[in-house]
């Protein structure tokens, strides 16, 4: 009986080992180039003020050179408990905010920013600073309305949107 | 070949439907829709169908003609072949030969396969057999004495030659000295009608100088004794031609048949021979490979078969008043060509939007696509496609390299993006080429298209083209006809001095139009993009 238990344990141990090998292999095959990601951070509140950082990681085609978050009437940005008049946008890593509109349509916003110089492969590009007007300020971005351009002035067609903090 | 004037072109275009219905007038050189030109040795089927063994034209009214059909009797047309009607009352339907009384053209004779000779005295309305004394009823040839039309000869298969002096009321065999009794061709000397030649099946040519009383073979040099066709030069009756069936040659004699020589050969066995009465050095031969033509008295021959869909040519006839009009009887009906006097030539025409562009045209027009209209400098592009049409009877070779060449003051603003194929088939063949207008400067830009080809009188084929260079749209810096974020980035790059930009890009990037490109332009352009 003891001999039989020993054999059962050996079989189970072998099975676990095989499973581990297969899992490792699966992980290996899933390892590929990371997709460029636009990261829209959470609203960070400090007293009456708040901010959101926007950055990129692993951006392809030489990096991100321009970004457009929708157009007026079809804005990519949706926000709440944020004073639209107070929204100020800081360009980072040579990004210049060339146009923005957070006032035309309530709770909606759009902007267009670009860098004349080197495109950004990974790093912060924009910081939106604003006054909060309520207890639960939010700011989200609809990926389908965002357009990204590469260093060679071509549309970047494949990328991810992430809402995690940078 | 002759071109139409601009006035003719406009008239032709305006009356396109009418012209299409009427097949255009002879000599019209504009190939509307690239139609083959009538009048360039192009044959047109005019009916009737069936195996056409004989053709005869009324010498007084050449628009009246008759076609003898094996099994179909005789068909008559009174409008140059436009329409036909059967005239067979009393007639054996297997007609092999036809003859018209030159003095009384309403009197016709028909030689038949087994019914002998039939006669009509009312233009074919009624026929009656006239065979008294005819020793053989298989009649392959008929010949009327032009000076004494009451006299008629019949060449028969097996019975030699029979003669009548009373319009067929009675016949008698006249075969003394005839070396072969299978007579398939007869020819009468128009100046001395008592001199007659008979082409025989295997005995070559026999000649009589006494109206058939006696014959003698005249075959020196005639290496093919199977003679199916004979014609005499009406201007020089001692010159005659014999078409043979054994090998398929045309032999020529210039001494009344005493000796014969052969020119370059044609294509196949000879069924019919024809001589142009106005230009006797021009001859036509009907063979099983179509029609061949000689313009040098039989020394050389060339095929003229464009449009001839049945190449078994059994009979030929020529309009005596308009010798450029020729009829061919084939196993597949009657064909007509209205300008066989023309040579086998290509006929180039270039069309834009289906409108002919006259060779040498120096006035570009939107109507024929030679005016390309407006395009943005450096960024715009306008493509126009042109059609090279060959309406002639010989294939058209485009001999330039490249085939379409740009010239003129602003040639570099026009580029041929699609070169035409070559050669271009005859009878309405086409080849296309495309020109792209991409102006490098503002204003009218002009160039000349030149197409070197083998249409002798339209080589090279040239015409002018033009277009107008326009400023690019403000903001469309990359010239893709869309003003978007990408243009904003370029504008920003220019404003910041990261890129220089072409003059056209600088023009487009100066969005506020103040003469420079700066951050304000980028901001204004970005504002335009997010507020379209």
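The values are calculated or read from the model by the stated rules, or taken from the named source; none is laboratory data. These figures come from a predicted structure and were not determined experimentally. Positions of Cβ are generated from backbone atoms using ideal geometry, with glycine treated the same way; all protein chains shown enter the neighbour counts.
Among residues that are out of contact with any helix residue (DSSP H, G or I) (no Cβ under 7 Å at 6 or more places or on another chain), surrounded by 20 or more Cβ atoms within 10 Å (Cβ to Cβ) and in contact (Cβ under 8 Å) with a residue 60 or more places away in the chain, residue B:463 is included. Reported count of residues in the range A:62-92, each being surrounded by fewer than 20 Cβ atoms within 10 Å (Cβ to Cβ) and either closer than 19 Å to residue A:156 by Cα or not assigned by TED's automatic domain parsing to the domain that holds residue A:45 (or both), is 2. Does residue A:145 satisfy the criteria of being modelled with pLDDT of 95 or more, away from chain B (no Cβ under 12 Å) and within 16 Å of residue A:66 (Cα to Cα)? Taking the combined requirement at face value, the residue does not satisfy it. So, in the range B:484-518, exactly how many residues are part of a loop (DSSP other than H, G, I, E, B), within 12 Å of chain A (Cβ to nearest Cβ) and surrounded by 19 or more Cβ atoms within 10 Å (Cβ to Cβ)? Adding up the residues that qualify gives 3. Only one of the listed residues (B:259, B:300, B:268, B:264) is at pLDDT below 95, surrounded by fewer than 17 Cβ atoms within 10 Å (Cβ to Cβ) and in contact with a strand residue (DSSP E or B) (Cβ under 7 Å, 6 or more places away or on another chain). That residue is B:300. Within the range B:239-250, residues that are under 9 Å from residue B:268 (Cα atoms) reach partners that are assigned to a strand (DSSP E or B) with beta carbons closer than 7 Å, at six or more positions or on different chains, in the pairs B:245/B:228; B:245/B:270; B:248/B:270; B:248/B:287; B:249/B:262.
Would you call residue A:113 within 17 Å of the chain's Cα centre (by Cα), within 11 Å of another protein chain (Cβ to nearest Cβ) and closer than 29 Å to residue B:517 by Cβ? So residue A:113 passes the test. Across the range A:127-166, the qualifying residues are those that are over 18 Å from residue A:108 (Cα atoms) and free of Cβ contacts under 8 Å to residues at least 60 places away in the same chain, and the one among them that is surrounded by the most Cβ atoms within 10 Å (Cβ to Cβ) is A:155.
Return yes or no: is residue B:350 surrounded by 21 or more Cβ atoms within 10 Å (Cβ to Cβ) and more than 30 Å from residue B:239 (Cβ to Cβ)?
yes
Any idea which residue in the range B:466-483 is farthest from residue A:145 (Cα to Cα), counting only those that are away from every other protein chain (no Cβ under 14 Å) and touching a strand residue (DSSP E or B) at 6+ places or on another chain (Cβ under 8 Å)?
B:466
Restricting the search to strands (runs of 3 or more DSSP E) fully inside the range A:1-120 and requiring at least 3 residues that are at pLDDT 95 or above gives A:37-40, A:49-57, A:64-71, A:77-80, A:88-91, A:96-101, A:108-114. Look at (1) surrounded by 18 or more Cβ atoms within 10 Å (Cβ to Cβ); (2) within 14 Å of chain B (Cβ to nearest Cβ); (3) in contact with a helix residue (DSSP H, G or I) (Cβ under 8 Å, 6 or more places away or on another chain) and you find that residue A:97 fails only one, number (3).
Return yes or no: is residue A:130 at pLDDT 95 or above and away from chain B (no Cβ under 14 Å)? So residue A:130 fits the description; yes. Inclusion of residue B:285 among residues that are under 28 Å from residue B:322 (Cα atoms), modelled with pLDDT of 95 or more, in a strand (DSSP E or B) and under 32 Å from the mean Cα position of the chain (by Cα) is not warranted. Here residue B:395 fulfils each of the conditions (1) closer than 22 Å to residue B:503 by Cβ; (2) touching a residue at least 24 places away in the same chain (Cβ under 8 Å) apart from (1). Looking only at the range A:33-45, decide whether some residue is touching a strand residue (DSSP E or B) at 6+ places or on another chain (Cβ under 9 Å), on the phi > 0 side of the Ramachandran plot and either surrounded by fewer than 19 Cβ atoms within 10 Å (Cβ to Cβ) or within 12 Å of chain B (Cβ to nearest Cβ) (or both). No, every residue in the range A:33-45 fails to be touching a strand residue (DSSP E or B) at 6+ places or on another chain (Cβ under 9 Å), on the phi > 0 side of the Ramachandran plot and either surrounded by fewer than 19 Cβ atoms within 10 Å (Cβ to Cβ) or within 12 Å of chain B (Cβ to nearest Cβ) (or both). Among the residues of the range B:446-456, are any within 14 Å of chain A (Cβ to nearest Cβ) and either surrounded by fewer than 20 Cβ atoms within 10 Å (Cβ to Cβ) or without any contact (Cβ under 8 Å) to a residue 60 or more places away in the chain (or both)? No, that holds for no residue.
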